[in-house]
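Please read the structure below before turning to the comments.
The values are calculated or read from the model by the stated rules, or taken from the named source; none is laboratory data. Since this is a predicted model, take the numbers as computed values, not measurements. Glycine gets a Cβ as well: all are built from the backbone with ideal geometry, and neighbour counts include every protein chain shown.
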Amino acid sequence: MEESKDIVFMRNTVEFVTVAAEFCSYLERAGELNRKEFVDTMLKILPLLYLKAQMLPEEERINDEDLEDFVSEEGYEVLRITISELLADKDTYLDVFVEEMKYSDTPVTKYISEDLADIYQDVKNFVSLFRIGINETMHDAIIECKDNFRQYWGQRLVNTQRALHEIAYNTNSDEEYSDNDSF
């Protein structure tokens, strides 16, 4: 039990919780933003989220029970649609880092909105579990989030960041990305 308290309150864990909470809060306010604000902020917070996730401690889970999910299907869809509408025609990108690409002659189309909603779902579940304040639950939430980062959402994050970079810095998109953008 003492071990779980140690990783729960480690500096790297606390810093990840802080960045994760800010990431979730920002995505929840996406409907209030224009495209430029959203993309610029995501390009700043995603690398930080990635870095802090990498620094989470390596441990074993305490309990074998599944952890509670807090993000509903409906909440996920609302967030995904909000981001999709905000990004509009810039929501899609081509991904070569997917398993299906091995068997395909054509690139696989991915959606920034879906990737961000997937990352949000895992990170929001983590933050919500952490807010409960039970050390064993927080310990296991850290371990599960680190595992999910390694196996699933870490790659989505860097792929999404690449797509967002393209929106922000591709010379062909200067018009759509200007400060006057009404999205």
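Observations on the model:
- Selection within region 13-37: residues that are in contact with a Lys or Arg (Cβ under 6 Å, 6 or more places away or on another chain) and under 21 Å from Leu164 (Cα atoms). The member of this set that is surrounded by the fewest Cβ atoms within 10 Å (Cβ to Cβ) is Val19.
- When Phe149 is tested against the conditions (1) within 26 Å of Asp40 (Cα to Cα); (2) at pLDDT below 95; (3) not hydroxyl-bearing (Ser, Thr, Tyr), the lone failure is (2).
- Top-ranked residue of region 61-74 - restricted to ones that are over 27 Å from Ala117 (Cβ atoms) and in contact with a helix residue (DSSP H, G or I) (Cβ under 7 Å, 6 or more places away or on another chain), ranked as surrounded by the most Cβ atoms within 10 Å (Cβ to Cβ): Ile62
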